[in-house]
Amino acid sequence: MPYDLLHRPRRLRENPILRDMLAENKITIKDLVFPIFVSDSITQPEAIQSMPGIFRWPLNTLSEQVKKWVDLGLKSFAIFPCISDCKKSEKGDEILNANSIIYQAADKIKSACGEIFLISDIALDPYTTHGHDGILDNHGKVLNDETVEVLAKASVMAAESGYDFVAPSDMMDGRVIAIRNSLDNAQYIHTGIMAYSAKFCSAYYGPFRDAIGTTQSKPIDKSSYQLNPSNTREAVRELLLDMQEGADILMVKPAEPYLDIIALARQECELPIAAYQVSGEYSRIWAAASQGWLDLDACAFESLLSIKRAGANIIISYFAERIAKSI
Ligand code: PBG
């Protein structure tokens, strides 16, 4: 005799067609932004050791490559520069050189590829000898307002070179309003700001620092500007401040270790929420998969799904190319 059960939720999970129809969240390539590293010192793509499957690209092959990604269905890209050591300085002046690789990259990609959405990273760390996201005073402290001034200028240069959005990843106070004002004064009223609003001082950025060549002999401590991983209320405060300052999209970063923050951001703010699945989140899945301990594609999907389920509208992920090839 079957049990006298009124509720049998498994009935909805029996048939694969129904199961698929009832999926509350789905990952599509339209959800994803693919980060791209462009280097000013190479002529051939260069594999990044700590990020399997991810390369640094030279300017001469970049637009050909982006076209291939566009053909796969990827339409949104976030560009990060790798600056050769000889162009780095204490203050990161290379960020204000109109011929610097990040500006040239936009120009090349935009003229070669059709409808795409291009986001420029805005931060000083690729350009400084010390790898901090700001200008330092004589005691090694990161100066806020002096840094913001440079970021605001760099944002206008990014807009000029063709970027659709700028994404300040520095966590200085007041940079969103300063960037908004500079863009508006230069008539770039349609250039948007995707603010790294709740960016935590995370240990998961390691492979990225290898990728852009900012790894230092002594581990770099960004805790005077990035958020303490233990703090929720402070993250909400940062999100709300960026919203008030005129951000168009708010970001939470890293993603999977901070799903609670993504969910809270979704609940507290009306703006679209982006989540950045950072380099270490990518590489840890790869590392386990390369040992045969995890299934790479299944875990990649599951991780992205968890980020979407938490409430992210946009996901920046190094898995984007792989996902595009498999769906
Ligand atoms: C710095 C920046 C970082 C990332 C994006 N922009 C690292 C850091 O704060 O040191 C990390 C991205 C990743 O790990 O994939 N401006």
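Less than 23 Å apart at the alpha-carbon level, and either on another chain or at least 8 residues along: which lysines does that give for K75?
Within reach: K26, K30, K67, K108, K110, K253, K308, K325.
For the chain, divide the Cα radius of gyration by the Kirkwood radius and give the resulting Rg/Rh value with two decimals. Write out the running numbers ahead of the final one.
Values: Rg = 20.5 Å, Rh = 20.6 Å.
Computed over Cα atoms, the ratio is 1.00.
Run the numbers on the chain and let me know its relative contact order in percent, using alpha-carbon pairs under 8 Å that are six or more apart. Present the calculation step by step, with values, prior to reporting the outcome.
Values: 618 pairs, mean separation 58.1, N = 327.
With pairs under 8 Å counted, the relative contact order is 18 percent.
Once the other residues with Cβ under 13 Å from the Cβ of E256 are scored (Lys, Arg +1; Asp, Glu -1), what is the net sum? Before the final figure, lay out the partial values.
On the way: positive: K253, R284, K308, R309; negative: D260, E281, E302.
Spelling it out: positives minus negatives among the neighbours equals +1.
Per residue, what accessible area does the range 27-324 have, given a 1.4 Å probe and all protein chains present, in Å²? It would help to have the intermediate numbers written out before the result.
Numbers: 12460 Å² over 298 residues.
Accessible area per residue: 42 Å².
Whole-Hz Karplus ³J(HN,Hα) for the range 250-266, in order, using 6.51 cos²θ - 1.76 cosθ + 1.60 and θ = phi - 60°, x for Gly and Pro?
Working through the residues one at a time gives 9, 10, 10, 7, x, 9, 5, x, 10, 4, 4, 6, 4, 4, 5, 4, 4 Hz.
Please give the helix 59-72 orientation as an angle from the longest Cα principal axis of the chain, in degrees from 0 to 90, rounded to the nearest 10.
Compared with the principal axis, the helix lies near 20 degrees.
Counting only residues 5 or more places away or on other chains, whose amide H sits under 5 Å from the amide H of I122 once H atoms are built in the peptide plane?
So I122 has HN proximity to A167, S169.
Can you tell me the 0 to 90 degree angle between the C-alpha axis of helix 296-310 and the longest principal axis of the chain, rounded to 10?
In the chain, helix 296-310 runs at an angle near 90 degrees to the longest axis.
Cα atoms only, the range 69-163: Rg and Dmax in Å?
Using the Cα atoms of the range 69-163, the pair Rg, Dmax is 14.6, 50 Å.
Rounded to the nearest 5, what % of DSSP beta bridges with both residues in the chain are antiparallel? Present the calculation step by step, with values, prior to reporting the outcome.
Numbers: 4 of 39 bridges.
Counting only bridges with both partners in the chain, antiparallel ones make up about 10 percent.
I want the local charge near R322. Using Cβ-Cβ distances under 13 Å, sum +1 for each Lys or Arg and -1 for each Asp or Glu among the other residues.
Numbers: positive: K325; negative: D295, D297, E321.
Net charge around R322: -2.
So which GluC sites (Glu not before Pro) in the range 1-103 end up in coil per DSSP with only 15 or fewer other C-beta atoms within 10 Å?
Details: sites: E14, E24, E46, E64, E90, E94; in loops: E24, E90.
Within the range 1-103, the qualifying GluC sites (Glu not before Pro) (loop, at most 15 other Cβ atoms within 10 Å) are E24, E90.
Is it possible to state the helix-based mean residue ellipticity at 222 nm for the chain, with each DSSP H run of 4+ residues giving -39500 (n - 2.57), the sum divided by total residues, to the nearest 500 deg cm²/dmol? What is it? Mind dumping the intermediate values first?
Working: 12 runs with 127 residues, N = 327.
That comes out to -11500 deg cm²/dmol.
What is the sum of charges, Lys and Arg at +1 and Asp and Glu at -1, for the other residues whose Cβ falls under 14 Å from the Cβ of P2?
Details: positive: R8, R10, R11; negative: D4.
So the surrounding residues net to +2.
With the convex hull built on the Cα atoms of the range 257-327, state its orientation-averaged projected area in nm². Could the numbers behind the result be given before it?
Numbers: hull surface 19.1 nm².
Directional mean of the projected Cα hull area for the range 257-327 stands at 4.8 nm².
Of all accessible surface on the chain at a 1.4 Å probe, what whole percent is carbon and sulfur? Intermediate values should be presented prior to the final figure.
Details: 8020 of 15760 Å².
Carbon and sulfur atoms account for 51 percent of the accessible area of the chain.
How about K153: which lysines have a C-alpha closer than 16 Å to its C-alpha, ignoring those fewer than 8 places off in the same chain?
K91
Please give the helix 175-185 orientation as an angle from the longest Cα principal axis of the chain, in degrees from 0 to 90, rounded to the nearest 10.
Once rounded, one gets 70 degrees.
The values are calculated or read from the model by the stated rules, or taken from the named source; none is laboratory data. Remember, predicted model here, so these are calculated numbers, not experimental data. In this analysis, Cβ positions are derived from the backbone assuming ideal geometry, glycine residues included, and neighbour counts consider all displayed protein chains. Surface accessibility is based on the protein's heavy atoms, side chains included, excluding ligands, DNA and RNA. Shrake-Rupley method; radii C 1.70, N 1.55, O 1.52, S 1.80 Å.
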